[in-house]
Each structure stands twice: as structure tokens, then as C-alpha cells.
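First up is the structure itself, then whatever we jot down about it.
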């Protein structure tokens, strides 16, 4: 009798789990179908080395402000800032291969591949030189070969809470562990079964992005289009940082570093981890100043890592000041 009861319980448990998984998968597929009805309407694309790359180009003028996103991020994170800068210059933001609307990629991301992709994109879209580069997070690593190869064509650089090539090597093991993301298989499964979409109805994707903010809503809606590439980019981080160590000087190109110093950066951390992170990040950002003989550091004291969301005007002002210097 007891055995039969246990078998029945197991059967119903398996059936309930299967139905739950099916419901999640169906919800995810329906959501994707609904979101993609008119997603590509009015969007612009360029053929870049045989790949279809989505870009947003606005404004006019004799130079171009180029927005480059960090790991797993796309052109949308720059929307508010690009809209505010485009009255003063040509602006372009884009999705790297495999992210959001750009064609899925096959190869792992390298600093060299970002450089090749961006070089061709700027040529294909007739973006006038000189360039003002605005890069967030890992873009501070990805862009280093591009800066070296195009030094004469770059009038200014704004790095927004930029990564440092030595950040992982200098990070205490316990701190690194606390900042490590979920395993790739877990993220992929969560996205495929709709759990990611449901969970982030009420839970922020990042502590400094409110769930009501357009960047959060966009990321929640469309992360499935970037998930595979985002995970691949993450696996390439250490190699790209090691490669980034080779590029130690931008000459005298005007360089502005914007660093998030708000307490929101350390949300959820222990006091010890937060203290370690604060000291490390401060040291690394000051070290980045050495990249140029003409550099400055701006502190965004209400921000963590995603300054585009918490203090976009800090970035807008820094870019406009760089534009004014070019004029």
C-alpha cells in the first residue's frame, strides 16, 4: 500500500513538473512572438564583413560620437544619451554581432573582432571623422586596439565606469566569487522556460536599474535575443583583459573617465566585500588616467555601474564638453 502511494506521488510530481515546464516554455514562445511582430520595422542595418549589424545613426556634423556598449549590452542603453547628443553631432550606436537585432555570431568575441567590426561599420555608414568614442564597462577593454589603430582619427574618449585589464587579477578571491554570475546553463534554462522573464517583472536585472525603467523593460523583454552571445562574451573576458594589457597609452587624446561612486554599487554585499570593492575600483580608475597625458576623472556619486540609467546627464555633459573642445 505504501509503495503504491509513493509511486502515485512520484507520478503526479513528474506530471506536475512537466506541465509547469510546458507552461513556462509556451509563455516564453508566445511572448517572443508578440514582441517580434513589428520589432524590425523601421530599423537600419549594415552588412559588416558578411554579417547583418543593427545600428542607430542620428544627427549631423563634421564628426561622429560613437557609443560602444559593454558585455552583453546593446544600442538601447544609450538611447537617452544619444537623443541628447545628436543635436550637436553625428551619433551612432550599434548592436555587436549576436546581440539584440544583429545577426547571431558564430565565433567568440575578441578585442580584435570588435575593432574590425566597428571599423567597417563606421565606413559603411559614412560616419565622418574625427570620432569621439563613448564606451561603457568592458568597452574600455574592447576598444583598445581600435584606439591604437585609429589614434589620428580620434578627437576624444569618454569611458563610463570602464573595466580595467587587471581588475580580475587584483581582485581578492572572495570578492570575485561574490560578483560571479549564475552558471551559463542555469541562465540559458531560465530564459528558455520563461522564468527569467517572469522573475524580472518584480526583481531588478541590476541593482541600479529600477524595474520601471525603459532599460530594464527592454532587457527583460529581449534578453533572449542576446543570451547566447552574452554568455560567450563572458567566457572571453579574461582573454580580452589579458590582451588589453598590451595597450598602455592613448597618447594625448583627451580622455574622460566617469566612475560610479554611489552606495548602490555595493547593494547586497557584506561590509567587508564592499570595502574591498570600493578601494579596488578607486585604485583601478585612477590607474586608467595614465592611459592619456590629457585625462580627467568625474565621479558620479549617485551611481553604481550603469550610469546611463542613474545619472545620464553626467555622461551627456562630459560628451558635450568633449564636443566643444573639438569645435
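The values are calculated or read from the model by the stated rules, or taken from the named source; none is laboratory data. Computed from a predicted structure; not experimentally measured. All Cβ positions, even for glycine, are placed from backbone atoms using ideal geometry, and neighbour counts span all protein chains on display.
Would you mention how many residues in the range 147-166 are farther than 24 Å from residue 228 by Cβ, surrounded by 19 or more Cβ atoms within 10 Å (Cβ to Cβ) and out of contact with any strand residue (DSSP E or B) (no Cβ under 8 Å at 6 or more places or on another chain)?
Residues flagged as farther than 24 Å from residue 228 by Cβ, surrounded by 19 or more Cβ atoms within 10 Å (Cβ to Cβ) and out of contact with any strand residue (DSSP E or B) (no Cβ under 8 Å at 6 or more places or on another chain) within the range 147-166 amount to 2.
Determine whether residue 246 is assigned to a helix (DSSP H, G or I), out of contact with any strand residue (DSSP E or B) (no Cβ under 7 Å at 6 or more places or on another chain) and either surrounded by fewer than 19 Cβ atoms within 10 Å (Cβ to Cβ) or free of Cβ contacts under 8 Å to residues at least 60 places away in the same chain (or both).
Judged against the criteria, residue 246 is not a match.
Would you tally the residues in the range 1-33 being within 21 Å of residue 101 (Cα to Cα), without any contact (Cβ under 8 Å) to a residue 60 or more places away in the chain and either in contact with a helix residue (DSSP H, G or I) (Cβ under 6 Å, 6 or more places away or on another chain) or surrounded by 11 or more Cβ atoms within 10 Å (Cβ to Cβ) (or both)?
2
When only residues in the range 144-165 that are assigned to a loop (DSSP other than H, G, I, E, B) and in contact with a helix residue (DSSP H, G or I) (Cβ under 7 Å, 6 or more places away or on another chain) count, which is nearest to residue 312 (Cα to Cα)?
The qualifying residue nearest to residue 312 (Cα to Cα) is 161.
For the range 106-128: of the residues being in contact with a strand residue (DSSP E or B) (Cβ under 7 Å, 6 or more places away or on another chain) and assigned to a loop (DSSP other than H, G, I, E, B), which is surrounded by the fewest Cβ atoms within 10 Å (Cβ to Cβ)?
Per the criteria, the residue is 128.
Picking from 37, 79, which residue would you name as being modelled with pLDDT of 95 or more, farther than 15 Å from residue 122 by Cβ and surrounded by fewer than 19 Cβ atoms within 10 Å (Cβ to Cβ)?
Working: 37 fails: modelled with pLDDT of 95 or more.
Exactly one of 37, 79 is modelled with pLDDT of 95 or more, farther than 15 Å from residue 122 by Cβ and surrounded by fewer than 19 Cβ atoms within 10 Å (Cβ to Cβ), namely 79.
Which members of the range 58-103 meet the condition of being out of contact with any helix residue (DSSP H, G or I) (no Cβ under 7 Å at 6 or more places or on another chain), farther than 13 Å from residue 323 by Cβ and touching a residue at least 60 places away in the same chain (Cβ under 8 Å)?
The answer is 73, 79, 101.
Out of the residues in the range 306-327 that are touching a strand residue (DSSP E or B) at 6+ places or on another chain (Cβ under 9 Å) and modelled with pLDDT under 95, state the one that is surrounded by the fewest Cβ atoms within 10 Å (Cβ to Cβ).
So the residue we want is 325.
Here is a list: 205, 201. Which entry is assigned to a loop (DSSP other than H, G, I, E, B) and farther than 30 Å from residue 280 by Cα?
That would be 201, the only listed residue that is assigned to a loop (DSSP other than H, G, I, E, B) and farther than 30 Å from residue 280 by Cα.
What residue, of 16, 73, is under 23 Å from residue 306 (Cβ atoms) and either outside any helix (DSSP H, G or I) or modelled with pLDDT under 95 (or both)? Don't jump to the end; show me each part of the working.
On the way: 16 fails: under 23 Å from residue 306 (Cβ atoms).
Going through 16, 73 in turn, just one is under 23 Å from residue 306 (Cβ atoms) and either outside any helix (DSSP H, G or I) or modelled with pLDDT under 95 (or both): 73.
Looking at residue 251 and the list (1) in contact (Cβ under 8 Å) with a residue 12 or more places away in the chain; (2) under 29 Å from residue 82 (Cα atoms); (3) under 20 Å from the mean Cα position of the chain (by Cα), which single condition is not satisfied?
(3)
Looking only at the range 274-320, which residues are touching a helix residue (DSSP H, G or I) at 6+ places or on another chain (Cβ under 8 Å) and outside any helix (DSSP H, G or I)?
295, 296, 297, 298, 300, 302, 303, 304, 305, 306
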